[in-house]
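Just below is one structure, and these are the notes that go with it.
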Amino acid sequence: MPPITEIADLKRLYKRRVPKMFYDYAETGSWTQQTFHENTSDFSLIRLRQRIARDMAGRSTAAQMVGQDVSMPVALAPVGLTGMQAADGEIKAARAAERFGVPFTLSTMSICSIEDVAAHTQKPFWFQVYTLKDDEFMKRLFARAKDAKCSALVITVDLQIMGQRHKDIKNGLSAPPKLTAASIANLATKVPWGLEMLGTKRRFFGNIVGHAAGVTDPGSLSSWTAEAFDPSLNWDRIKEFRSWWDGPVILKGILDEEDAKQALNVGADAIVVSNHGGRQLDGALSSIRMLPRIMDAVGDKIEVHLDSGIRSGQDVLKALALGAKGTMIGRAFVYGLGARGQQGVTEALQVIHKELDTSMALCGERNVADLGRHNLLLPKGFEDEWV
Ligand code: GLV
């Protein structure tokens with residue numbers, strides 16, 4: 001097999017190996033997918049300034065995210081159904097992340113449970129929660145995350161209601177996959193994936209089934225999901241969730257400077273500029289395009305991370321140069337996981353690290369902390385073309 005040299009190599013292998021419904025789940029945006037596509041294409045509008053004859057020896061990508069040491073400022077984002085991309089997927093991704101020295105974020109909608117991931121890893125991971133109505137279930141989740149020694153809580157604030165992904169409906173997305181004529185025909189072409197999946201017990205939503213009231217078997221899960229999210233969420237409620245956790249809290253899903261200013265009142269340690277990978281409001285601007293104005297509004301008051309659209313180390317570099325202190329990758333690691341399990345996640349991280357490190361050097365910088373606006377060339381109006 002030819003060597004993996006870029007994230008796109010992993011994506012190709014991933015597409016071949018994993019059932020269509022899970023590939024589509026990851027690789028789809030909401031409605032027309034405009035925002036999903038612009039999340040990546042807007043990165044290519046930003047250019048880097050090449051510098052020469054500067055000391056490029058002894059470089060470091062080491063940094064901190066919410067006060068924690070990271071080998072590069074790239075966390076694995078929470079991604080639902082990760083354990084359907086590869087058997088025991090969350091455990092594999094968490095192990096790859098801890099060995100690489102970057103944070104892994106476990107989604108509430110994971111297949112492996114919090115306890116399971118904790119039992120199979122050495123270092124603390126981050127845990128993600130949605131803003132759900134059921135206080136009792138939420139409090140138990142927080143307590144379970146605390147018992148598992150999770151080192152930060154990521155509260156997803158952009159999923160009060162869910163954006164529609166056409167393919168998920170058409171594919172009849174479920175975990176484990178429902179057996180229909182179409183899914184059976186597709187599964188028949190995914191034998192290595194299927195054999196691996198038959199070898200694990202982890203095929204249901206591990207944090208939910210048996211924990212949320214009324215959800216004792218996976219069949220009742222879809223109705224629970226539809227009912228569990230809180231459409232009446234407000235900032236007081238977010239503040240209340242914050243008060244239930246005594247470690248670092250990261251608010252994920254801020255895309256507007258007014259919301260970023262509100263977030264300052266909650267007592268969060270960081271915000272993640274994100275449009276949920278283009279899976280929620282189709283027609284929203286890309287995260288990278290919204291980053292400068294959010295930096296202007298709150299960048300000196302709170303740590304800002306960037307999520308949505310990162311597929312390379314150059315993308316990470318651009319986000320950092322625009323002021324983000326950290327980034328999150330979702331699809332980029334899922335491609336690796338689906339393609340080649342834990343090894344694939346490691347390869348995704350290696351690719352991104354190498355691209356970041358080399359591009360940083362070619363920009364004449366030795367340290368990620370030194371990256372700044374001076375490393376970039378932006379098209380006129382990039383920051384304020386849309387008013
Ligand atoms: C859930 O958060 C999703 O984007 O599917």
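The values are calculated or read from the model by the stated rules, or taken from the named source; none is laboratory data. These figures come from a predicted structure and were not determined experimentally. Cβ atoms come from the backbone with ideal geometry, glycine included; neighbour counts cover every protein chain shown.
Structure summary
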{"quantity": "Sole residue being within 16 Å of the ligand (Cβ to nearest atom) and surrounded by fewer than 18 Cβ atoms within 10 Å (Cβ to Cβ), chosen from LYS170, LYS146", "calculated": "LYS170"}
{"quantity": "Any pair with Cβ under 6 angstrom, 6 or more apart, that starts in the stretch 127-138 at a residue that is closer than 11 Å to MET109 by Cβ and aromatic (Phe, Trp, Tyr) and ends at one that is at pLDDT below 95 and surrounded by fewer than 20 Cβ atoms within 10 Å (Cβ to Cβ)", "calculated": "TYR130/LEU159"}
{"quantity": "Selection count, the stretch 72-103, where residues are assigned to a loop (DSSP other than H, G, I, E, B), away from the ligand (no atom under 16 Å from the Cβ) and not small (Gly, Ala, Ser)", "calculated": "5"}
{"quantity": "Looking only at the stretch 22-46, and only at residues there that are hydroxyl-bearing (Ser, Thr, Tyr) and in a helix (DSSP H, G or I), the one that is nearest to the ligand (Cβ to nearest atom)", "calculated": "TYR25"}
{"quantity": "Close pairs from the stretch 262-283: first in a loop (DSSP other than H, G, I, E, B), partner within 13 Å of the ligand (Cβ to nearest atom) and of a type in the set (Asp, Glu), Cβ under 6 Å, at least 6 apart", "calculated": "SER274/ASP307; GLN280/ASP158"}
{"quantity": "The stretch 104-139 - residue that is more than 16 Å from the ligand (Cβ to nearest atom) and among the small types (Gly, Ala, Ser) and, of those, nearest to GLU227 (Cα to Cα)", "calculated": "SER113"}
{"quantity": "Test: ALA182 is surrounded by 12 or more Cβ atoms within 10 Å (Cβ to Cβ), within 14 Å of the ligand (Cβ to nearest atom), closer than 26 Å to ALA339 by Cβ and more than 18 Å from the chain's Cα centre (by Cα)", "calculated": "no"}
{"quantity": "Some residue of the stretch 333-341 being of a type in the set (Ser, Thr, Tyr) and closer than 22 Å to ALA96 by Cβ", "calculated": "yes"}
{"quantity": "Residue check, THR82 of a type outside the set (A, V, I, L, M) and touching a Cys at 6+ places or on another chain (Cβ under 9 Å)", "calculated": "yes"}
{"quantity": "Residues (closer than 18 Å to GLY299 by Cα and outside any helix (DSSP H, G or I)) located in the stretch 228-261", "calculated": "PRO248, VAL249, ILE250, LEU251, LYS252, GLY253, ILE254, LEU255, ASP256"}
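Matching residues to (1) in contact with a strand residue (DSSP E or B) (Cβ under 9 Å, 6 or more places away or on another chain); (2) acidic (Asp, Glu); (3) over 30 Å from VAL209 (Cα atoms):
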| residue | (1), (2), (3) |
| --- | --- |
| TRP235 | no, no, no |
| HIS276 | yes, no, no |
| GLU303 | yes, yes, yes |
| ARG311 | yes, no, yes |
| GLN314 | yes, no, yes |
